[in-house]
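The values are calculated or read from the model by the stated rules, or taken from the named source; none is laboratory data. Since the model is a prediction, treat every value here as computed from it, not as a measurement. Neighbour counts run over all protein chains shown; Cβ positions are idealised from the backbone, glycine included. Calculation scope for accessible area: heavy atoms of the full protein, side chains included, ligands and nucleic acids excluded. Shrake-Rupley method; radii C 1.70, N 1.55, O 1.52, S 1.80 Å.
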Amino acid sequence: MTCSTVLVIEDNELNLKLVRGLLTLDKYGVLEATDAEAGIQLVRAHRPDLILMDIQLPGMDGLTATREIKKDPDLARIPIVALTSYAMQGDEEKALAAGCAGYITKPIDTRQFLEMIAQFLRGNDLAS
Ligand code: MN
């Protein structure tokens with residue numbers, strides 16, 4: 001049982017549905033956006049406990065959005081976890097360089113996902 005809120009910024013509906021379903025299983029509050037601009041607005045308005053950030057988004061990409069959030073001293077402490085595609089080699093390093101606490105590789109391993117989320121919420125910076 002937890003009261004933490006996780007913001008998911010992901011433009012792929014199937015991934016969004018999967019992540020929402022898993023987070024709901026562990027009673028997280030879930031906020032959703034399908035592009036970076038809307039996601040950043042939700043970060044400012046709700047100050048979620050954790051952000052899951054897809055790297056490949058329409059318009060502003062997830063790395064740029066991460067830098068934007070990290071630039072804001074009021075928001076910089078919110079951990080951001082990149083959602084990276086297995087096929088896109090090098091995204092993990094770019095995500096860490098942009099200020100992400102770590103990354104979760106897609107396709108998402110549903111058996112490990114919630115444990116990873118719990119660890120990131122505890123403040124452990126680690127990659128999947
Ligand atoms: Mn995407």
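For Leu75, neighbours were defined as the other residues whose beta-carbon sits under 14 Å from its Cβ, and their charges (Lys and Arg +1, Asp and Glu -1) total +2.
Taken along the Cα-to-beta-carbon direction at a fixed 7 Å, the label points for Arg20 and Arg67 span 3.1 nm. Ranked by solvent-accessible area (1.4 Å probe, protein heavy atoms only, all chains present), the residues Lys70, Lys106 order from largest to smallest as Lys70, Lys106.
In the context of the full set of protein chains, residues of the range 61-126 present 53 Å² of accessible surface per residue (probe radius 1.4 Å, heavy atoms only).
Rolling a 1.4 angstrom probe over the chain with all protein chains present gives an accessible area of which 50% lies on carbon and sulfur atoms.
Computed on protein heavy atoms with a 1.4 Å probe, the accessible areas place Glu10, Glu37 in the order Glu37, Glu10, largest first. Cross-link partners for Lys106 among the aspartates and glutamates, with Cα-Cα distance under 12 Å and sequence neighbours closer than 8 places in the same chain left out: Glu10, Asp54, Asp91, Glu92. Scaling the Cα radius of gyration of the range 5-123 by the globular reference 2.2 N^0.38 Å produces a ratio of 0.94. Computed over protein heavy atoms with a 1.4 Å probe, the accessible surface of the range 1-44 works out to 54 Å² per residue.
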